[in-house]
Amino acid sequence: MTPQKLFRAAALATALIGGSCTATIPGADSIAEDGAVNHPIAVEPSYRDLKVYYAGGADGMSPDDAVKFDAFLADYRAHGNGSLGISVPDGPASRVAITYFAERAAATGISRDRILVSTHQLAGGDRRVDVSYIGYAAHAQPCGNDWSENLAFTADNLTPQNFGCSVQHNIAAMVADPRDLLGPGGMGPMDTARRAAVMDHYEKGEVTQADKRTVDKATEQSAGASSVGQ
């Protein structure tokens, strides 16, 4: 065999060996180096409701129900989406009950146009008031149970299947508002007075940022002129 043919045979054998090695790695194309891709967090609507009794009178509710109701409203203000539903049992006291619960909700800062009131027929003698809203919940799929791979010795040097799973679960459990994982929230109202003040300083060639208080200047690390380079 001539040297040229020998070289071609060696090159072909190397290509075949290399191709066979890459083709025998199971699932290599399905495992990304980013744990967020392998274990995505799902954000889904979650129906939340609370049932309390309307006791009438000045108090309206028992102390235990009042604590639960106020905590439920606080959770709605933090995580609620859409309207807060208040449904009272149909009957002679329904209008008084609606007024009581709606006014108590509005007193906590919930806009009146987000409070949806209604009545419902008694079911099995249950006279409780139903308060509800739609929130969002974040969760990730359970981490894999296959720990057969020895991560101390991986000849293929691929990303493990469980890489990033625990981190994704922790993020889903800790996020204050799961809607933040879907995209940035809307901008709040502009401070037009501050914007006008900054533009006025800019047009006059003056310093635009707010000045520090006199009592803070002495304790700020940036206070005073720097001696670097002098």
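The values are calculated or read from the model by the stated rules, or taken from the named source; none is laboratory data. Everything numeric in this text was worked out from a predicted model, so none of it was measured. Using ideal geometry, Cβ is built from the backbone for each residue, glycine included, and neighbour counts are taken over all protein chains shown.
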Within segment 168-176, can one find any residue that is of a type outside the set (Gly, Ala, Ser), surrounded by 11 or more Cβ atoms within 10 Å (Cβ to Cβ) and touching a Gly at 6+ places or on another chain (Cβ under 8 Å)? yes
Need the failing condition index for residue 143 against (1) in contact (Cβ under 8 Å) with a residue 24 or more places away in the chain; (2) under 30 Å from residue 49 (Cβ atoms), just the number. (2)
The condition from (1) part of a loop (DSSP other than H, G, I, E, B); (2) buried (at least 17 other Cβ atoms within 10 Å of the Cβ) that residue 97 misses is numbered (1)
Could you give every pair whose Cβ atoms fall below 8 Å, whose first residue belongs to segment 107-125 and is under 13 Å from residue 90 (Cβ atoms) and in contact (Cβ under 8 Å) with a residue 12 or more places away in the chain, and whose second residue is of a type in the set (S, T, N, Q) and surrounded by 11 or more Cβ atoms within 10 Å (Cβ to Cβ), counting only separations of at least 6 or pairs across chains? 117/87; 118/87; 119/87; 119/94; 120/87
So is residue 186 among the small types (Gly, Ala, Ser), without any contact (Cβ under 8 Å) to a residue 12 or more places away in the chain, part of a loop (DSSP other than H, G, I, E, B) and on the phi < 0 side of the Ramachandran plot or not? yes
Options 103, 149; residue that is of a type in the set (D, E, K, R) and either touching a Pro at 6+ places or on another chain (Cβ under 7 Å) or part of a loop (DSSP other than H, G, I, E, B) (or both): 149
For the subset of segment 43-68 comprising residues that are among the aliphatic types (A, V, I, L, M) and over 30 Å from residue 173 (Cα atoms), which member is surrounded by the fewest Cβ atoms within 10 Å (Cβ to Cβ)? 58
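So that you can scan it fast, the table gives a plain yes or no per residue for (1) within 28 Å of the chain's Cα centre (by Cα); (2) more than 22 Å from residue 137 (Cβ to Cβ):
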site: 59; (1), (2): no, yes
site: 63; (1), (2): no, yes
site: 67; (1), (2): yes, yes
site: 72; (1), (2): yes, no
site: 77; (1), (2): yes, no
site: 87; (1), (2): no, yes
site: 109; (1), (2): yes, yes
site: 112; (1), (2): yes, yes
Close pairs (9 angstrom Cβ cut-off, 6 or more residues apart or separate chains): within 29 Å of residue 136 (Cα to Cα) and at pLDDT 75 or above in segment 20-43, surrounded by 10 or more Cβ atoms within 10 Å (Cβ to Cβ) and basic (Lys, Arg) anywhere: 43/179
Taking into account only those residues within segment 177-198 that are more than 24 Å from residue 135 (Cα to Cα) and surrounded by fewer than 11 Cβ atoms within 10 Å (Cβ to Cβ), which is farthest from the chain's Cα centre (by Cα)? 196
Filter pass, residue 138 being at pLDDT 90 or above and surrounded by 17 or more Cβ atoms within 10 Å (Cβ to Cβ): yes
When the residues of segment 74-94 are narrowed to those that are touching a Ser or Thr at 6+ places or on another chain (Cβ under 9 Å) and assigned to a strand (DSSP E or B), which ends up surrounded by the fewest Cβ atoms within 10 Å (Cβ to Cβ)? 85
For segment 141-195, enumerate the residues that are of a type in the set (Gly, Ala, Ser), at pLDDT 80 or above and closer than 23 Å to residue 37 by Cβ. 164, 166, 172, 173, 183
Residue under evaluation residue 71, criteria (1) in a strand (DSSP E or B); (2) modelled with pLDDT of 95 or more; (3) surrounded by fewer than 18 Cβ atoms within 10 Å (Cβ to Cβ), criterion not met: (1)
Exactly one of 94, 83 is of a type outside the set (A, V, I, L, M, F, W, C) and farther than 19 Å from residue 137 by Cα, and that residue is 94
